[in-house]
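J.: Sharing a structure with you now.
Derivation of every value follows stated rules applied to the coordinates shown; laboratory data play no part. None of the values given here were measured: they were computed from a predicted structure. Using ideal geometry, Cβ is built from the backbone for each residue, glycine included, and neighbour counts are taken over all protein chains shown.
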Amino acid sequence: MMHCIISENTDPYFNLASEEYLLKGFSEDFFLLYRNKPSIVIGKHQNAMAEINHLYVRDTGIMVARRISGGGTVFHDPGNLNFTFITMGEEGKLVDYARYALPVIQAMDSLGLNVTLGQRHELMLGTRKISGTASHVFKNRVLHHGTLLFSSDLGDLDKALMVDKGHYKDRAVRSIRSEVTNIRDHLVEKMEIKDFQNRILGHILKTMNGARTYRYTNKDLNEINKLRDSKFSTWEWNFGYSPKYHFTKRLRSGAGEIVLRMNVEKGIIQEVCIEGDLPGIHDISHLEELLVGTIHDPETIRRKLSGIRIGDYIHGLENEDLLAGLF
């Protein structure tokens with residue numbers, strides 16, 4: 001039997017928590033559909049800092065979340081429909097991208113779309129990507145999920161993920177950018193995303209044996225919210241879980257060029273080295289020591305620097321200039 005759920009909650013932390021809850025708390029199969037507020041969702045083994053455009057994310061209020069599956073970073077917004085299969089299986093045969101892509105491909109075919117599975121397990125509409133997919137195994141259960149770009153703001157997607165990853169040296173999984181397109185632009189039958197969502201659900205209910213709708217119980221909601229609050233919404237999970245990394249960036253100051261270097265572990269700055277043309281009135285080592293032990297987060301560092309004037313350490317550089325240089 002497969003329980004089919006449409007989540008009405010658009011909080012990415014809640015929906016990611018619900019996936020882990022359904023995976024680890026049940027032996028039944030589930031099919032889940034949900035949409036999120038504008039958010040960047042990174043893979044379990046990625047460096048969050050190297051995947052996001054920090055200034056744009058901060059200024060637009062885009063949320064940053066980490067999922068339990070691997071793979072690359074994806075952008076969510078209300079125009080993106082996310083699907084999740086959670087099933088039992090045989091050890092060694094749990095991860096099967098083609099198996100879980102097939103029902104979605106067939107649903108697209110019923111809408112007149114010729115969708116194929118790409119080399120990196122993405123769903124392709126012609127030569128453009130409409131879905132990224134990933135899997136996670138827990139004991140004899142597997143979670144397989146993916147995105148479906150229906151009417152996403154592709155401009156927001158590009159800006160939110162526009163980052164120079166060359167500043168970061170680490171062993172994290174890197175995202176591979178692909179040319180994308182929205183499904184709605186290719187439909188002969190015009191519809192909105194809720195119509196599209198219902199068509200996907202209807203196909204699953206019609207074609208999969210034992211499929212039936214399921215609504216979260218109060219117990220389900222309480223457990224999901226506890227997991228959301230204790231894990232998925234925390235800085236420790238979304239940023240601190242990133243692998244250790246070395247950050248390097250060059251900046252121009254009033255006196256010339258400086259080089260910033262940092263070692264960061266569990267999201268916390270462990271070492272800082274600032275070198276170059278530094279004709280300031282204070283010893284640069286005091287500034288380096290001030291940053292050590294601080295989490296690598298723009299707002300936290302801004303508060304840490306609020307009591308000093310950077311120009312006293314690095315001539316011609318303002319506090320905001322240094323802050324921008326640290327990301």
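J.: Just for the chain, what percent of DSSP beta bridges are antiparallel, to the closest 5?
T.: Rounded to the nearest five, the antiparallel share is 80 percent.
J.: Still on this structure, please answer the following. Evaluate E = 1/(1 + (r/R0)^6) for R303 and K190, where r is the Cβ-Cβ distance and R0 equals 41 Å; express this FRET efficiency to the nearest 0.05.
T.: 0.25
J.: Determine the calculated [θ] at 222 nm for the chain from helices alone, applying -39500 (n - 2.57) to every DSSP H run no shorter than 4 residues and normalising by the residue count; nearest 500 deg cm²/dmol.
T.: Computed ellipticity for the chain at 222 nm equals -8000 deg cm²/dmol.
J.: Run the reach check for K44 against aspartates and glutamates, Cα to Cα strictly under 13 Å, same-chain hits fewer than 8 apart removed. What comes back?
T.: Here the aspartates and glutamates satisfying the reach criterion relative to K44 are E20, E236.
J.: If R₀ is 35 angstrom, what is the calculated FRET efficiency for the pair L221 and R261, using the beta carbon separation as r and rounding to 0.05?
T.: It comes out at approximately 0.15.
J.: Here's something else I'd like to know. With both bridge residues required to lie in the range 10-143, what share of the DSSP beta bridges run antiparallel, to the nearest 5%?
T.: Taking every DSSP beta bridge with both residues in the range 10-143, the antiparallel ones total about 85 percent.
J.: OK, next. Taking the alpha carbon gyration tensor of the range 122-234, what are the square roots of 5 times its eigenvalues, largest first, to the nearest whole Å?
T.: 28, 25, 15
J.: Quick check for me: using +1 on Lys/Arg Cβ and -1 on Asp/Glu Cβ, what's the dipole size of the range 18-107 about its Cα centre, in debye to the nearest 20?
T.: 260
J.: With an 8 Å cut-off on Cα pairs and a minimum separation of 6 or more residues, tell me the relative contact order of the range 1-84 in percent.
T.: Averaging sequence separation for qualifying contacts and normalising by length gives 37 percent for the range 1-84.
J.: Please name whichever of L113, S178, L227 sits farthest to the positive end of the charge dipole of the range 2-240, dipole taken about the Cα centre and charges placed at Cβ: Lys and Arg +1, Asp and Glu -1.
T.: Value: L227.
J.: Given the C-alpha centroids of the range 266-309 and the range 76-148, what is the distance between them in whole angstrom?
T.: 44
J.: Can you give the Rg to Rh ratio of the range 245-325, both from alpha-carbon atoms, with Rh computed by the Kirkwood formula?
T.: Result for the range 245-325 is an Rg/Rh of 0.93.
J.: Under a Cβ-only charge scheme (Lys and Arg +1, Asp and Glu -1), can you give me the dipole magnitude of the range 183-267 about the Cα centre, in debye to the nearest 20?
T.: 120
J.: Return the label of the correct value of percent of Cα pairs over 34 Å apart, as calculated from the structure shown, out of (1) 48; (2) 31; (3) 19.
T.: Structure-derived value, by its label: (2).
J.: Output the relative contact order of the chain, whole-number percent, from Cα pairs under 8 angstrom with separation of 6+ residues.
T.: That works out to 17 percent.
J.: What does the charge dipole of the chain about its Cα centre add up to, to the nearest 20 debye, if the Cβ of each Lys and Arg holds +1 and the Cβ of each Asp and Glu holds -1?
T.: For this selection, approximately 920 debye.
J.: Another question, if that's okay. Quick one: grab the alpha carbon gyration tensor of the range 170-270, order the square roots of its eigenvalues as a ≥ b ≥ c, and give me rounded if a/c is under 1.5, else prolate or oblate depending on whether a/b is larger than b/c.
T.: oblate
J.: Could you calculate the FRET efficiency of K206 with D229 from 1/(1 + (r/R0)^6), where r is the beta carbon distance between them and R0 is 30 Å, rounded to 0.05?
T.: For K206 and D229, the calculated efficiency is 0.20.
J.: Rounded if a/c is under 1.5, else prolate if a/b is larger than b/c, else oblate: which is the range 190-327, with a ≥ b ≥ c the root eigenvalues of its Cα gyration tensor?
T.: Prolate.
J.: Loop-only check: which GluC sites (Glu not before Pro) in the range 187-289 are DSSP coil with at most 12 other Cβ within 10 angstrom?
T.: Hits after loop and neighbour filter: E189, E192.
J.: From the square roots a ≥ b ≥ c of the eigenvalues of the alpha-carbon gyration tensor of the range 52-202, which class results: rounded (a/c under 1.5), prolate (a/b over b/c), or oblate?
T.: Oblate, because a/c is 1.5 or more while a/b does not exceed b/c.
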